Every structure is written in C-alpha cells, then in structure tokens.
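The values are calculated or read from the model by the stated rules, or taken from the named source; none is laboratory data. Because the structure is predicted, anything quoted here is derived from the model rather than measured. Counting neighbours? That spans all protein chains shown, and the Cβs are built from the backbone with ideal geometry, glycine included. Areas reflect the complete protein model, heavy atoms only, side chains present, ligands, DNA and RNA absent. Shrake-Rupley method; radii C 1.70, N 1.55, O 1.52, S 1.80 Å.
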Amino acid sequence: MSEQVPKIVTTPPGPRTREILAKLSAILYPGLAKDLGPFIMKSKSGWQIEDVDGNVYLDMLSAMASVPLGSARPDLIEVAVSGLHRYGNEDAHYLAHEVMLPLAEALIRIAPGGLSRVDIALNGTEAVETAIRFMRRATGRPIVIGFMGGYHGEAGTAGAVGAETSDLSFGYRALMPGYVHVPYPNPYRTPFSARPGGTGDGTVDYIRDHLIFHAVDPREVAGVLIEPVMGSGGCVAPPDAFWPALVDLCREHDWLLCVDEVKTGFGRTGSMFAVQRWGVEPDLMCLGKGMGGGVMPIGAVLGTARAMASFDDVSTGSTWSWLPAACAAALATIEVFDREPILEGVRALEEAARSALLPLVERYTSVGDVRVVGCFIAIEFVKDTITKERDPDLLHRVAEGCIRRGLLGDASTTSFNLQPSLVMPVELMERAGEIVDEAIAEAVEAG
C-alpha cells in the first residue's frame, strides 16, 4: 500500500476497473450493478484503498461505518482466524461456545445503565427485527413509532420501520402494517417548533398534541425506535431538549424506547454509544456494523429485564449469528477500546472536521448545512438557502470530484457523508477538508 494517500495515477474509473465493471454488469442483478462504485478494490489497509488501476484513495466510508479501527487490523484478524481454526462454525442457538459469556458480559459492562440482557444477531438488520419483536411481545401492543429519514435496514420489518426515502420500501410497505412515522428531530429541517407550555421540543409536542390525540391511541403503541444520530439520512443529531421530552413521553404511556446504535455504536460519535452523549438509558439497543471490529459480521440486541426477561417464546437470530470467530473479534474490539484512547482520538477528529468543514456554509451559498458528530460528518447541498430545496445534482458532482481527487465518501439520499476510521490521523482529516473544498468549488463553477 502506498505511503502517499490519496494518490491518483489514472482518472477513475481506470481501464482495468471499466473492464471488470462491464463484465459484472452483465451477470449481476441490475439494481446492484448500477450502484457499484467507480473503482474495483485490489487491497485495503487502515484508511487506504488501492484499486486495480493503481490509484490509492483516502477511505472516508469505512465500509459504511462498519470498520471502526482501520481495515485489516492485524490483532483483530488474528483473533478471528484463531477462532475459525478452533471452532469453524456452530449454531449458537444450541451450542454455546467459550467466547459467548465473556462477550455478553463485556457488552453489559459498557452499555448504558439498565441493560441487563443480551440476544444474538448476525448483523444490524437482524438485530432491529428482533428488537421490534421484543417490543411487541413485552408490551402486547402492535404499533411502533419510527422517524422519517431513519434507516434500519432494507428487509421486511427493518425496511418498514425505516423511512429514509420512500423507494427503499417500495413494493412491501403496504404489506407491513404496524408502523407510524414522524419527522426526525432534524434541527436544520424540522417542520416543528416547540410550543409555549409544551415539552420544550417541537417533535415531541407534535407526537403528544397531534399524533396520539388524532390518529394513534397510545395504548396500542409498543414503543419508539430511533437512530440516536441519524446515519445514512444525513448524520443528524437531535437537539438536546428532544431526549428528556421523549423519555418522559415513553414513561407516561409505558412505551419502550429502542435505540438503533448499529452505526453509532462502538465509538463513532465520541462516546461508546451515542445515547451516552445525552445520558439516555434506553429499554432496548440494537448493535451491528462496528461491533465486529471490521473483520467479522455480528450484531446484538441488549435490553432491560422488562423488555427481554419476562418471556422466552420469541425465536431469534439465525444459523450464523454469533459465530465463535465473530464473537472473538467483537470481544477483542471491546478490549481495544479499553486499553487505547480511541474515543479521545474521535473527539480530536471531530474538532479537526469542524475547523475544516463548518466554514463551507459561509463560503458557498449552495452548502446549506454542515454537521459533525464525532466521526459522523455530513454536508448538505441546497438550491436555495431559504427554501432549503435539496440539490442532488450538485451533491453527486461533488462526490465525483472527490473521487477524482482520491477521497471516498458517501453520496447519500440527502447529503455527502464522511465516516472515517476512528483512528485515522488528524492531518488526513485536514487533507480531506481541503479536497472537499476543492471539489465543491469545481462543481459550483461547472454548475
């Protein structure tokens, strides 16, 4: 891997990449083929990706935030490989292995207070689906409140409770009843303002004053599912007043509060779990992505006694959930957080990102908002600063300009998102800011 990052030797997509992509497009499902990126990976290490044409990119995607500690970290790989040699695979529904108890105990140790039970999952989507089943079983109620803009997966239950964009659930939302959605408490785009004498938060005022007054009887609501920082939908953190108002609402109506920490968990926001930034103690918490240290797939559901210990008749998980090697990698990942200053590094990267990117709002009228929450970063482009009409064309031009300069980010449905390794050097964050600035300037001039 190159010592220089980024390093572009041929404009992507290079000739070898074009050749491979053409062959892939002829045999892959078209919906997958059309979304593939503009290069083919040859190797990946730390925060660098080399493509088959010799280009080296600064990776600010981290496999969609599932690689927290740098790619191919040797100590995590060695632990996982050792687990594969020792166990191969076993169905943890039936045969527990020696790593299962230490991992479950470690998760409870680092989790927000009150979470005392653990269930297994293969990934974040499976964890979300299990958590929703627990919510309904524990309360005996059918309805779950989700948030517009939230993403929880793209299959069945997880896809129905999510609402990043309507097309993600096209074809099956009408077949999945039991969900009600309200706008995410997005400070830049919320349609609500707190009313005098209300809760202090406009979103919760809306739920109280309108949703459960006119449309949904609160006695039928099992609970609320929310990303504590909205990930794919734009790296949005709710205003501080939202959390106590939401907790009070849940307590008043005996709802369960479930947080989807699949992306935010394991340090990405500067706390081990995002809700710890606000001192929130949820009833259920979904984990995935970074839990396996970026080397093995694994997920989990953590819950209170009320949410998970009063019944035993919900079948959960799948054959590959909590593969012994994956558990070993997850336990080793927690141990890295225990012994290394990972969270301090995240906060340093957050400060560098703020310094580099927040000035873009003043520099370009087409930059409507810049959001930085730990190593969750988003730049939102607009056609008009008053109407805040989104500018997807500019968004994609900026993303393409970054790729040409060797920076890999995520042109999401709403914003240009950056999700760097939590251990990336600060100077590379500063370089990323320069590249983004250059790409925006080019795209604005060309537009």
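How about the stretch 129-180: which chymotrypsin sites (Phe, Trp or Tyr not before Pro) there are in a DSSP loop, with at most 16 other Cβ atoms within 10 Å of their Cβ? Taking the stretch 129-180 and a limit of 16 other Cβ atoms within 10 Å, the loop chymotrypsin sites (Phe, Trp or Tyr not before Pro) found are PHE170, TYR172. In the stretch 20-107, a dipole from Cβ-located charges (positive for Lys and Arg, negative for Asp and Glu) runs towards its positive end, and of TRP47, LEU69, LEU95 it is TRP47 whose Cα lies farthest in that direction. Neighbours of VAL204, meaning other residues whose beta-carbon lies under 12 angstrom from its beta-carbon, give a summed charge of -3 when Lys and Arg score +1 and Asp and Glu score -1.
In this Cβ point-charge picture (+1 for Lys and Arg, -1 for Asp and Glu), the stretch 202-314 has a dipole of about 480 debye about its Cα centre. Accessible area of the stretch 154-287 with a 1.4 Å probe: how many percent of it is carbon plus sulfur? Within the stretch 154-287, the accessible surface is 52 percent carbon and sulfur.
For the stretch 1-83, the dipole from Cβ point charges (+1 on Lys and Arg, -1 on Asp and Glu) about the Cα centre works out to 260 debye, to the nearest 20.
Calculation over all alpha carbon pairs of the stretch 1-152 in 10 angstrom steps from 0 returns a P(r) of 8, 22, 28, 25, 14, 2 percent. Please work out the C-alpha center-to-center distance from the stretch 306-370 to the stretch 390-447 and express it in whole Å. A separation of 21 Å, based on Cα centres.
The value of relative contact order for the chain, using C-alpha pairs under 8 Å at least six residues apart, is 22 percent.
When the solvent-accessible area of the stretch 1-139 is split by element, carbon and sulfur atoms take up 55 percent of it, the probe being 1.4 Å.
Taking every protein chain into account, the accessible area of the stretch 205-267 amounts to 32 square angstrom per residue (probe 1.4 Å).
Residue-normalised convex hull volume from the C-alpha trace of the stretch 158-243: 113 Å³ per residue. Over the residues of the chain, the helix contribution to mean residue ellipticity at 222 nm works out to -10500 deg cm²/dmol, using -39500 (n - 2.57) for each DSSP H run of at least 4. If only the Cβ of Lys and Arg carry +1 and only the Cβ of Asp and Glu carry -1, the dipole of the stretch 54-196 around its Cα centre is close to 780 debye.
Out of every Cα-Cα pair that the stretch 103-214 contains, those further apart than 16 angstrom amount to 69 percent. Using the Karplus relation 6.51 cos²θ - 1.76 cosθ + 1.60 with θ = phi - 60°, the per-residue 3J(HN,Hα) values for the stretch 219-224 come to 6, 9, 8, 6, x, 10 Hz, with x marking Gly and Pro. Under a 5 Å amide H cut-off, with hydrogens placed 1.01 Å from N, ALA194 pairs with GLY202 among residues at least 5 apart or on other chains. For the chain, the convex hull drawn through the C-alpha positions has a volume of 152 cubic angstrom per residue.
Excluding ligands, DNA and RNA, the accessible surface per residue across the stretch 310-392 is 44 Å² with a 1.4 Å probe.
Annotation: amide H-H contacts under 5 Å for GLY162 (H modelled 1.01 Å from N, sequence separation of 5 or more, or interchain): HIS152. In order along the stretch 263-277, the Karplus-derived 3J(HN,Hα) couplings, from 6.51 cos²θ - 1.76 cosθ + 1.60 at θ = phi - 60°, round to 8, 7, x, 6, x, 5, 9, x, 10, 4, 10, 4, 4, 5, 5 Hz, and Gly and Pro are given as x.
Say the cut-off is 26 Å between C-alpha atoms; which of LYS42/LYS289; LYS7/LYS289; LYS263/LYS383 go over it? Violating the 26 Å limit, Cα to Cα: LYS7/LYS289; LYS263/LYS383.
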